[in-house]
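Written out below as structure tokens is the structure these notes cover.
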Amino acid sequence: MAISRPDLAVFVVTGDGDALSIGGNHLIHAMRRNVNLTIILFNNEIYGLTKGQYSPTSQQGLVTKSSPMGSVDYPFNPLSVALGAGCSFVGRAIDSDRKSLDATIAAAAKHRGTSFVEVYQNCPIFNDGAYDDFKGPEAAEHLVRLVDGEPILLGADQAQGVVRDPVSGALTTAAVAEVGIDHVLVHDSHRVDPSLAFELSHLTDSGEISQTPVGIFRDVTKPAYDDMVRDQLVQAAGKNTSREAHDDALQSLLNGVDTWTVGEDGEVHEG
Ligand SMILES: Cc1ncc(C[n+]2csc(CCOP(=O)(O)OP(=O)(O)O)c2C)c(N)n1
Ligand SMILES: [Mg+2]
């Protein structure tokens, strides 16, 4: 659809089970190709529609109908999957945090190429309370808001900052008063190399921080798949961009030199 209808803004609204398990193959290759799509993944860490089976993002130990003794799977980190697949826009927002949800989805929609937004979403029936830490008065302590050009600070009092350890080279945290604000990492979503965004997406999983970063992790520009395919169609059809010219070009490709006709007599004729 993105290729044939450049006049449309194509949104893919999906879940953790759909996007990361059932349709995982399609997801990574859409992102790898940079197809012009806005993908919004509502992550409730459960298969909700089919009534509560564990999903690729369920926490280890989660007891569900299909993991009665607790899930033993290591969960996917959706942002790390997206960054690993080369996605050109990667963000995360919380379902109830209207302001940042609006801003992140609006930026994703404007981005040309694949944009991927993970939305932490509560499932009140099958996985209630999975994201309670990020709601109400608790939120300020647990969320790290990534803002371009600003240092990455942690906690309600913003007294800790994300720094790079000079010895191990790993991202870690330090008291801002001790290391000085100049040593705190400044967020830059437009960095072409995805390594730092990947590290940020993993900070919570690796146990370096107890907070969770939200906002735009990566926002870089590279040619979109559908734009390049349409360019090739125009080239193939010469200067004529009409539908008929495209059909003719496609037909001549299909009828290219490598075709044979087998006659009734069993003889093979080229072309
Ligand atoms: C190829 C395929 N396999 C299985 C299903 C059945 N199915 C429909 S929804 C669903 C679970 C979806 O879970 P998730 O994507 O996490 O969405 P949620 O309901 O939690 O929002 C499954 C297994 C399907 N629709 N298509
Ligand atoms: Mg789900």
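The values are calculated or read from the model by the stated rules, or taken from the named source; none is laboratory data. Everything numeric here is computed off the predicted structure, so don't read it as measured data. No Cβ is skipped: glycine too gets one built from the backbone with ideal geometry, and neighbour counts run over all protein chains shown.
Can you find even one residue in the range 54-62 that is without any contact (Cβ under 8 Å) to a residue 24 or more places away in the chain, in a loop (DSSP other than H, G, I, E, B), in the same structural domain as Leu143 (by TED's automatic domain parsing) and away from ligand 2 (no atom under 16 Å from the Cβ)?
yes
All but one of (1) more than 9 Å from ligand 1 (Cβ to nearest atom); (2) farther than 19 Å from Tyr120 by Cβ; (3) assigned to a loop (DSSP other than H, G, I, E, B) hold for Thr50; state the number of the condition that does not hold.
(1)
Take Gly17 and decide whether it is within 16 Å of ligand 2 (Cβ to nearest atom) and under 15 Å from Asn127 (Cα atoms). Reasoning before the result, please.
Working: within 16 Å of ligand 2 (Cβ to nearest atom): yes; under 15 Å from Asn127 (Cα atoms): yes.
So Gly17 fits the description; yes.
Go through (1) farther than 13 Å from Val119 by Cβ; (2) away from ligand 2 (no atom under 16 Å from the Cβ) and name the single condition Ser100 misses.
Only one criterion is unmet by Ser100, namely (1).
Could you please tell me which pairs satisfy a Cβ distance under 7 Å, a separation of 6+ or placement on different chains, a first residue in the range 70-96 that is buried (at least 18 other Cβ atoms within 10 Å of the Cβ) and of a type in the set (A, V, I, L, M), and a second residue that is assigned to a loop (DSSP other than H, G, I, E, B) and at pLDDT 95 or above?
The qualifying pairs are Leu83/Pro194.
Report yes if Val220 is surrounded by 15 or more Cβ atoms within 10 Å (Cβ to Cβ), out of contact with any Pro (no Cβ under 9 Å at 6 or more places or on another chain) and touching a residue at least 60 places away in the same chain (Cβ under 8 Å), otherwise no. Working first, answer last.
Numbers: surrounded by 15 or more Cβ atoms within 10 Å (Cβ to Cβ): yes; out of contact with any Pro (no Cβ under 9 Å at 6 or more places or on another chain): no; touching a residue at least 60 places away in the same chain (Cβ under 8 Å): yes.
Spelling it out, it is not the case that Val220 is surrounded by 15 or more Cβ atoms within 10 Å (Cβ to Cβ), out of contact with any Pro (no Cβ under 9 Å at 6 or more places or on another chain) and touching a residue at least 60 places away in the same chain (Cβ under 8 Å).
Give Ile39, Ile28 a once-over and let me know the one that is in the same structural domain as Ile125 (by TED's automatic domain parsing), hydrophobic (A, V, I, L, M, F, W, C) and assigned to a helix (DSSP H, G or I). Steps first, answer last, please.
Details: Ile39 fails: assigned to a helix (DSSP H, G or I).
None of the other options fit; the residue is Ile28.
Sort through Thr38, Thr114 and tell me the only one that's modelled with pLDDT of 95 or more, more than 16 Å from ligand 1 (Cβ to nearest atom), touching a Cys at 6+ places or on another chain (Cβ under 6 Å) and within 24 Å of His187 (Cα to Cα). Break it down stepwise before answering.
Working: Thr38 fails: touching a Cys at 6+ places or on another chain (Cβ under 6 Å).
Exactly one residue qualifies, and that residue is Thr114.
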